[in-house]
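J.: Okay, here's the structure, questions in a sec.
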Protein chains: 4
Amino acid sequence: MNFPKRLTKSSHTIAILPRYAETDQGKVVHHSVYPVWFEMGRTELLRANNVAYKDLEAAGIFFVITELHINYRRPARYDEELQLLTRCCGVTAAKIEHTYKLTRLSDGQVLAEGSSILACIDADRKVRRIPKFMQMSSQAKLESQETTNSEQ
Amino acid sequence: MNFPKRLTKSSHTIAILPRYAETDQGKVVHHSVYPVWFEMGRTELLRANNVAYKDLEAAGIFFVITELHINYRRPARYDEELQLLTRCCGVTAAKIEHTYKLTRLSDGQVLAEGSSILACIDADRKVRRIPKFMQMSSQAKLESQETTNSEQ
Amino acid sequence: MNFPKRLTKSSHTIAILPRYAETDQGKVVHHSVYPVWFEMGRTELLRANNVAYKDLEAAGIFFVITELHINYRRPARYDEELQLLTRCCGVTAAKIEHTYKLTRLSDGQVLAEGSSILACIDADRKVRRIPKFMQMSSQAKLESQETTNSEQ
Amino acid sequence: MNFPKRLTKSSHTIAILPRYAETDQGKVVHHSVYPVWFEMGRTELLRANNVAYKDLEAAGIFFVITELHINYRRPARYDEELQLLTRCCGVTAAKIEHTYKLTRLSDGQVLAEGSSILACIDADRKVRRIPKFMQMSSQAKLESQETTNSEQ
């Protein structure tokens, strides 16, 4: 598999349209769906960097979540357009950190924020170093900081 | 793995308590949950025959669903005790047929009925013969017919 | 709510990208996910007719599935682009029939086919007539038949 | 609805048997399933206190999750018996805090730990005070502290 030399984009936004099956009888999206969306956000951030997660797995590189934190601020509702911003905010040899911001498209309200930590394992589930090319370039690090600052 | 010589029980009933996450905003269990329950019914019918499905997989024997039919009669609701009767009603070298009846415990009302056909594949997803010991014994076949008749 | 006078499109195709969370340890999409995709297909077929299902619910018009049939032919895999064709093939005062065809984009292989029957209920879950505007126009019926014929 | 005067039990353990549909192609339970199990843990802790969550909802008392934290230590696997300890470790007029410990039954290994914060809302999704009877009794508080201490 031909992976890029470096990942250059540290954040990416995807559109999400909550499915009927994702709601619960409280008439909002069930809170267990957010980790699924966050995972989609990570997949598409990778793809924006020209890497398909399935190609990583084919190369014996698996990522597993070791920590997850979610703040639920406002409910997400069926068929209401959302945007999920996923940001990679730290990569070491051992772990990758992401943050997430879920926003309602119509009015920009933040519905949820979250963060996660991933570790890297091989096909036998042994912990392994995160591939060099997935370490953030200095440019991506800079961008990541700048975006963070400009939002404060 | 030590599998039994024959499967002797052709039907089995399990208790199901619908989870909050399984409901949708229509305030009933989402219809995509029933196939999950049916699969649990098959797993426990196997276990009642002293076979763990995970041991089959460990032995390179995988079952995949090729056909599924569900009649939804009445809604299932959150935290309302249900009973699922799973019956194996036919095994050939190529496929296994099951039927399902989902009942509300409180009043015996039938909420859903269904049927499925499974095929057997190996670890490379190639179709293979269903193991001999999973063919129904004449006794199980008889039982299966008798139960069916007595219900008519 | 302003609903159209008639639904004019009887079929619609959506793109589906299987999520990681939708796979199971057999390394394919779990069979319980297909009903979720079919539901998305119905929602988008409605939207192609300028009707949002959530507006129907807001108007006290709910649809529930009473029958579901799925033929699973080939496995769907993580992150492999699919197309789902949903066709409305019959509407009476009491029920709506749909058929589904799930195809792999890369080679056009049919992965699954299915059908479902919906009934219409009100906010108290009482069966009600399907709104007149959802009955297929003669044009849509004709189109539906023509497409069916041309595929044979 | 007749609710008890006080909740007297601050912790409760339930058995969990991971379903096939809960696994992913990494051959372990998908991380989005844990919040579903935690919710089951809360439901059964309530029931151990003679309260059914559905009766709370029927009385116009709804709980929504506002914060969730999970540490994933070791993977949970299909059909491998687990135990989930749910502990209520704090109730104020505005929020309820729970902690969770998921253990593998066979060897007592801790697979995951977590915590959550719930808020209370009414049928119109307005924040409301948590009912008095759900405040922990001094006995339960004491027990809660003792259990916590004895584990250190």
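J.: With (1) of a type outside the set (A, V, I, L, M, F, W, C); (2) more than 30 Å from C:Asp55 (Cβ to Cβ); (3) in contact with a helix residue (DSSP H, G or I) (Cβ under 9 Å, 6 or more places away or on another chain); (4) within 12 Å of chain D (Cβ to nearest Cβ) as the list, and A:Glu57 as the residue in question, which single condition is left unmet?
T.: Unmet for A:Glu57, out of (1) of a type outside the set (A, V, I, L, M, F, W, C); (2) more than 30 Å from C:Asp55 (Cβ to Cβ); (3) in contact with a helix residue (DSSP H, G or I) (Cβ under 9 Å, 6 or more places away or on another chain); (4) within 12 Å of chain D (Cβ to nearest Cβ): (3).
J.: Condition first: within 11 Å of another protein chain (Cβ to nearest Cβ), at pLDDT 95 or above, over 19 Å from B:His12 (Cα atoms) and in contact with a Lys or Arg (Cβ under 8 Å, 6 or more places away or on another chain). Can you find one or more residues in region B:112-120 that meet it?
T.: Looking only at region B:112-120, we keep the residues that are within 11 Å of another protein chain (Cβ to nearest Cβ), and these are B:112-119.
Filter once more, so that each one left must be at pLDDT 95 or above: B:112-119.
Among the residues that remain, those that are also over 19 Å from B:His12 (Cα atoms) are: B:119.
Checking which are in contact with a Lys or Arg (Cβ under 8 Å, 6 or more places away or on another chain) leaves us with B:119.
Looking through region B:112-120, at least one residue is within 11 Å of another protein chain (Cβ to nearest Cβ), at pLDDT 95 or above, over 19 Å from B:His12 (Cα atoms) and in contact with a Lys or Arg (Cβ under 8 Å, 6 or more places away or on another chain).
J.: Which of (1) out of contact with any Phe, Trp or Tyr (no Cβ under 9 Å at 6 or more places or on another chain); (2) assigned to a loop (DSSP other than H, G, I, E, B); (3) more than 19 Å from D:Ile130 (Cβ to Cβ) does D:Met1 not meet, given it meets every other one?
T.: (3)
J.: Follow-up. Would you mind stating whether D:Arg104 is among the basic types (Lys, Arg), touching a residue at least 40 places away in the same chain (Cβ under 8 Å), in contact with a strand residue (DSSP E or B) (Cβ under 8 Å, 6 or more places away or on another chain) and away from chain C (no Cβ under 14 Å)?
T.: No.
A quick yes/no check of all residues on (1) within 18 Å of C:Gln135 (Cβ to Cβ); (2) hydrophobic (A, V, I, L, M, F, W, C):
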residue	(1), (2)
C:Asp24	no, no
C:Arg42	yes, no
C:Val64	no, yes
C:His69	no, no
C:Glu81	no, no
C:Arg87	yes, no
C:Val91	yes, yes
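J.: What number of residues within region B:28-53 are within 11 Å of chain C (Cβ to nearest Cβ), open to solvent by less than 10 Å² (accessible area, probe 1.4 Å) and small (Gly, Ala, Ser)?
T.: 0
J.: If I go through region B:69-97 residue by residue, how many of them are at pLDDT 95 or above, part of a loop (DSSP other than H, G, I, E, B) and open to solvent by 20 Å² or more (accessible area, probe 1.4 Å)?
T.: 6
J.: For region A:14-25, what are the residues that are within 14 Å of chain B (Cβ to nearest Cβ), under 18 Å from D:Pro35 (Cβ atoms) and either in a strand (DSSP E or B) or touching a residue at least 12 places away in the same chain (Cβ under 8 Å) (or both)?
T.: Of everything in region A:14-25, those that are within 14 Å of chain B (Cβ to nearest Cβ), under 18 Å from D:Pro35 (Cβ atoms) and either in a strand (DSSP E or B) or touching a residue at least 12 places away in the same chain (Cβ under 8 Å) (or both) turn out to be A:Pro18, A:Arg19, A:Glu22, A:Thr23.
J.: State all residues of region D:15-27 that are among the aliphatic types (A, V, I, L, M) and open to solvent by 20 Å² or more (accessible area, probe 1.4 Å); if no residue qualifies, say none.
T.: D:Ala15, D:Leu17, D:Ala21
J.: Further, regarding this structure: Before we move on, is A:Ser11 more than 14 Å from chain B (Cβ to nearest Cβ), hydroxyl-bearing (Ser, Thr, Tyr) and surrounded by fewer than 19 Cβ atoms within 10 Å (Cβ to Cβ)?
T.: Numbers: more than 14 Å from chain B (Cβ to nearest Cβ): yes; hydroxyl-bearing (Ser, Thr, Tyr): yes; surrounded by fewer than 19 Cβ atoms within 10 Å (Cβ to Cβ): no.
No.
J.: I need the full set of residues from region B:107-128 which are over 20 Å from the mean Cα position of the chain (by Cα) and outside any loop (DSSP other than H, G, I, E, B), in order please. Quick ask: steps written out before the conclusion?
T.: Residues of region B:107-128 that are over 20 Å from the mean Cα position of the chain (by Cα), as a first pass: B:107, B:122-128.
Scanning region B:107-128 gives a single hit, B:Val127.
J.: Tell me, yes or no, whether region A:64-86 has at least one residue that is away from every other protein chain (no Cβ under 12 Å), of a type outside the set (A, V, I, L, M, F, W, C) and touching a strand residue (DSSP E or B) at 6+ places or on another chain (Cβ under 7 Å).
T.: Yes, some residue in region A:64-86 is away from every other protein chain (no Cβ under 12 Å), of a type outside the set (A, V, I, L, M, F, W, C) and touching a strand residue (DSSP E or B) at 6+ places or on another chain (Cβ under 7 Å).
Residues are listed down the side, and each one gets a yes or a no for (1) open to solvent by less than 20 Å² (accessible area, probe 1.4 Å); (2) touching a Leu at 6+ places or on another chain (Cβ under 6 Å); (3) polar (S, T, N, Q):
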| site | (1), (2), (3) |
| --- | --- |
| B:Ala58 | no, no, no |
| B:Phe63 | no, yes, no |
| B:Glu67 | no, no, no |
| B:Thr99 | no, no, yes |
| B:Thr103 | no, no, yes |
| B:Gln109 | no, no, yes |
| B:Ala112 | yes, yes, no |
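J.: Being part of a loop (DSSP other than H, G, I, E, B) and among the β-branched types (Val, Ile, Thr) is the filter; apply it to region B:46-68 and report the residue that is farthest from C:Ser115 (Cα to Cα).
T.: Taking the candidates together, the pick is B:Val51.
The values are calculated or read from the model by the stated rules, or taken from the named source; none is laboratory data. Quick caveat, the model's predicted, so the values are computed rather than measured. Cβ coordinates were reconstructed from backbone atoms using ideal geometry, including for glycine residues, and neighbour counts include every protein chain displayed. To get the accessible areas, we keep the full protein, side chains included, count just its heavy atoms, and leave off ligands, DNA and RNA. Shrake-Rupley method; radii C 1.70, N 1.55, O 1.52, S 1.80 Å.
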